[in-house]
Amino acid sequence: MTPDRVALLGMFETATKIKQCDERFRLLLASGQIVCTYYSPRGQEIIPSAFSVLLRPDDYMVTTYRGLHDHIGKGVDLRGLWAEFLGKRSGTCKGKGGPMHVTDPTSGLMVTTGIVGSGLPIANGFGLAAKLAGTDQVTVVNFGDGASNIGAFHEALNLAAVWKLPVIFMCQNNRYAEHTKLADGTSVERIAMRAAAYGIPGVTVDGNDPIAMYEAAATAVRRARSGEGPTLLEGITYRFFGHIMGDDMKYQPAEERQAAMDADPVPAFRVWLLAEGVAEEVDLAEIEQRCDAAIDDAVAYALAAELPSPDELEDDVYAENLA
Amino acid sequence: MSTATEPQTVMLPMVAAINRAIDEAMTKDPRVIVLGEDVADSEGGGVYKATMGLSTTHGTDRVRSTPISEQAIVGAAIGAAIAGFRPIAEIMMFDFIAVAMDQVCNHAAKLRYMSGSQTAVPITIRCSAGAGMQFGAQHSDMLEAWLCHVPGLKVVIPSNPADAKGLLTSCIFDEDPCVFVEQTMSYFLPGPVPVGEHVVPLGQAAVRREGTDLTIVSYGRQVNDCLRASDALAQDGIEAEVLDLRSLVPLDLDRVLTSVAKTRRALVVHEAVTRCGFGAELSAQITEHLFDSLAGPVARLGAKNVPVPYSMPLERAYLPGRAEIVDAARRVVER
């Protein structure tokens, strides 16, 4: 399944929006205008861009603390997203979740967890719900290479395989588990090799190659939607700005990081779209301006938005506040 | 057949009352599903037969035996609950919830809050629990205090078959995650259970015995020990009021304080180890509210602060029993 022009431009728009959002975020952080914990997804734009044109709003997504790119890819409203990152009352989660815990059921972004690997067992529950309800909704759960070393990964993939759940296990292999290199903490070269242990397809793809990523994701989505069961998909990628904003990145060799940044997937995608004649310069410039305007709007909205009142502290713990 | 001649109650052991509650909930609401190890009839209908017959009646889509994977069980229940189902997840032994604690405490408990109430996790986690069967240290724990410490969870422990049916029904249809603790020593003791729909709301303690000299606050099967101890105390002229909390979160503190304000003396009894047990919380609450009217400090009686031992004399020495309750109550009254 090769992406058509509409899909390619949709992917480019998502990738651009992610890149620009991240750049704006880091700019505001660096200038001291905003303060928050931030796990930059810069460099990992292509994987969620593929899903952004393959999933429906009623498909489910689960992601992790490095999730801004997945939030945008699934279609979370930028105003609510920015307001949540800034801890504002009009954020998606009333300022109670923050960047690590964005939830937006309207767009199908159901859970963002700060616990490595724990989204996988929950994703099975969304898959089970779709199966029991007889719908063809699929669930994508994103996680890093490090998450494949935690017990929840094993329990979840086994159960998904046994029950043939419509779940896509999307490993965004950025080659570092916090500060630890893949080879130093993981027994296999490719995370997808682990699929063999569960008798399900395991596919490794260049997660920064838009065409390869689209095709692999499309195959996994089609398989899940048609009731054939789960796929473990591994997209090889790289994160440009460390585990958390402010870490010294000494564990990442400078030349390795430079090479990855030289191969920045978003401008590379742009060059490819022009070279292949998919779009003209004016088309791409228009997309970029549209993203920029949307981010301007979201940032202005979020900066001006009200902070929550301490009176709201004890709301939302239970359906009804306990005495 | 005239309704007047129909029995209002039927004698059932607690495990059968639990089965009835699930069966009736599944019949009433197609969103109710059951997940757990060996819960379907092809695997025996549960290790204690609590789910026996349910997969035959409601199908193996809705009553699903799982692998031995507690994180996967609770995680799947959470996801399905957010997507609109009302899953009942069975954790075979309370001790095993340790394996799933990340799902229980970091996810089930927190997802409503972290999402600003956009998502809810209406799951019920059923756990068989407690000592007295010589199962040793890893199949006998009472861990309710762990869970009461986590905002977002509700914790429910029935003392008799009728309450087991009514409280479990409340948990299944509650909008929040509930942990329902079933003491195995109570499973096979019969009691009258209302026929048909029976709901006991969470957060309503029951006065099981009225008295004037001290208040004994308890929950679970120890309520019955407290009642037997009260009969012995009555022979010495000590009239104990016995409260059955039924749920620890939400807690019916008003009922507790009303009783202790009257008796001015309180003893908390539970099976869990005493140190940092729920009795510590109750003792603090009672003291904070009624310090000036108390005749003495609130006393606590729980298990000894050791892992649950295997050998019978050790296990008996570990558990608080009727004799210990009588002694503790006398000390409270005689001070």
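The values are calculated or read from the model by the stated rules, or taken from the named source; none is laboratory data. Since we're looking at a predicted model, the values are computed, not measured. Cβ: placed from backbone, ideal geometry, glycine included. Neighbour counts: every protein chain shown.
For the stretch B:282-308, what are the residues that are under 21 Å from B:Arg221 (Cβ atoms) and surrounded by fewer than 19 Cβ atoms within 10 Å (Cβ to Cβ)? Result: B:Lys304, B:Asn305, B:Val306, B:Pro307. Against the numbered list (1) within 14 Å of another protein chain (Cβ to nearest Cβ); (2) within 16 Å of B:Ser170 (Cα to Cα), B:Ile68 comes up short only at (2). For the stretch A:153-208, filtered to residues that are in contact with a helix residue (DSSP H, G or I) (Cβ under 7 Å, 6 or more places away or on another chain), closer than 21 Å to A:Tyr238 by Cβ and of a type in the set (Gly, Ala, Ser), the residue that is surrounded by the fewest Cβ atoms within 10 Å (Cβ to Cβ) is A:Gly185. For residues that are in contact (Cβ under 8 Å) with a residue 40 or more places away in the chain and surrounded by 24 or more Cβ atoms within 10 Å (Cβ to Cβ), scanning just the stretch B:98-108, find the one that is farthest from the other protein chains (Cβ to nearest Cβ). Result: B:Val104.
Here is a yes/no grid of residues against (1) surrounded by 24 or more Cβ atoms within 10 Å (Cβ to Cβ); (2) among the aromatic types (Phe, Trp, Tyr); (3) under 30 Å from A:Ala129 (Cβ atoms); (4) touching a residue at least 12 places away in the same chain (Cβ under 8 Å):
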position: A:Gly10; (1), (2), (3), (4): no, no, yes, yes
position: A:Ala15; (1), (2), (3), (4): yes, no, no, yes
position: A:Cys36; (1), (2), (3), (4): no, no, no, yes
position: A:Asp70; (1), (2), (3), (4): yes, no, yes, yes
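Look at (1) β-branched (Val, Ile, Thr); (2) in a loop (DSSP other than H, G, I, E, B); (3) under 30 Å from B:Ala83 (Cα atoms) and you find that B:Val181 fails only one, number (2).
Filtered by the rule that a residue be more than 7 Å from chain A (Cβ to nearest Cβ) and either in contact with an Asp or Glu (Cβ under 7 Å, 6 or more places away or on another chain) or under 21 Å from B:Phe173 (Cα atoms) (or both), the stretch B:82-93 gives B:Arg86, B:Pro87, B:Ile88, B:Ala89, B:Glu90, B:Ile91, B:Met92.
Here are B:Ala162, B:Ala206: which of them is surrounded by fewer than 20 Cβ atoms within 10 Å (Cβ to Cβ), in contact with a His (Cβ under 9 Å, 6 or more places away or on another chain) and at pLDDT 95 or above?
On the way: B:Ala206 fails: in contact with a His (Cβ under 9 Å, 6 or more places away or on another chain).
Of the residues listed, the single one that is surrounded by fewer than 20 Cβ atoms within 10 Å (Cβ to Cβ), in contact with a His (Cβ under 9 Å, 6 or more places away or on another chain) and at pLDDT 95 or above is B:Ala162.
How many residues are surrounded by 12 or more Cβ atoms within 10 Å (Cβ to Cβ), β-branched (Val, Ile, Thr), assigned to a helix (DSSP H, G or I) and free of Cβ contacts under 8 Å to residues at least 24 places away in the same chain when one looks only at the stretch A:277-323? The qualifying residues number 0. Restricted to the stretch B:262-280, and to residues that are in a helix (DSSP H, G or I) and either touching a Leu at 6+ places or on another chain (Cβ under 6 Å) or free of Cβ contacts under 8 Å to residues at least 12 places away in the same chain (or both), which residue is farthest from B:Ser186 (Cα to Cα)? This residue is B:Thr263.
Identify all residues within the stretch A:128-169 that are assigned to a strand (DSSP E or B) and within 10 Å of chain B (Cβ to nearest Cβ); write none if there are none.
Initial filter on the stretch A:128-169 (assigned to a strand (DSSP E or B)): A:139-144, A:167-169.
Once the filter is applied, which keeps residues that are assigned to a strand (DSSP E or B) and within 10 Å of chain B (Cβ to nearest Cβ), the stretch A:128-169 yields A:Thr139, A:Val141, A:Val167.
Taking A:Ser40 as the residue in question, decide whether it is surrounded by fewer than 23 Cβ atoms within 10 Å (Cβ to Cβ), under 17 Å from the mean Cα position of the chain (by Cα), touching a residue at least 60 places away in the same chain (Cβ under 8 Å) and in a loop (DSSP other than H, G, I, E, B). Taking the combined requirement at face value, the residue satisfies it. If you go through the stretch A:96-125 one residue at a time, how many are more than 7 Å from chain B (Cβ to nearest Cβ), in a loop (DSSP other than H, G, I, E, B) and in contact with a strand residue (DSSP E or B) (Cβ under 8 Å, 6 or more places away or on another chain)? Within the stretch A:96-125, residues that are more than 7 Å from chain B (Cβ to nearest Cβ), in a loop (DSSP other than H, G, I, E, B) and in contact with a strand residue (DSSP E or B) (Cβ under 8 Å, 6 or more places away or on another chain) number 5. Only one of the numbered conditions (1) more than 14 Å from the chain's Cα centre (by Cα); (2) in contact (Cβ under 8 Å) with a residue 40 or more places away in the chain; (3) surrounded by 24 or more Cβ atoms within 10 Å (Cβ to Cβ) is not met by A:Arg79, and that is (3). Among the residues of the stretch B:286-335, those identified as under 15 Å from B:Asp141 (Cα atoms) and in contact (Cβ under 8 Å) with a residue 60 or more places away in the chain are B:Ala303, B:Pro307, B:Val308, B:Pro309, B:Tyr310, B:Glu315, B:Tyr318, B:Leu319, B:Pro320.
Given A:Val203, A:Val221, A:Val188, which one is of a type in the set (A, V, I, L, M, F, W, C), closer than 30 Å to A:Leu274 by Cβ and not in a helix (DSSP H, G or I)?
Working: A:Val221 fails: not in a helix (DSSP H, G or I); A:Val188 fails: closer than 30 Å to A:Leu274 by Cβ.
Only one candidate passes the filter, namely A:Val203.
Across the stretch B:237-258, the number of residues qualifying as free of Cβ contacts under 8 Å to residues at least 60 places away in the same chain and either within 14 Å of another protein chain (Cβ to nearest Cβ) or over 27 Å from B:Ala131 (Cβ atoms) (or both) comes to 10.
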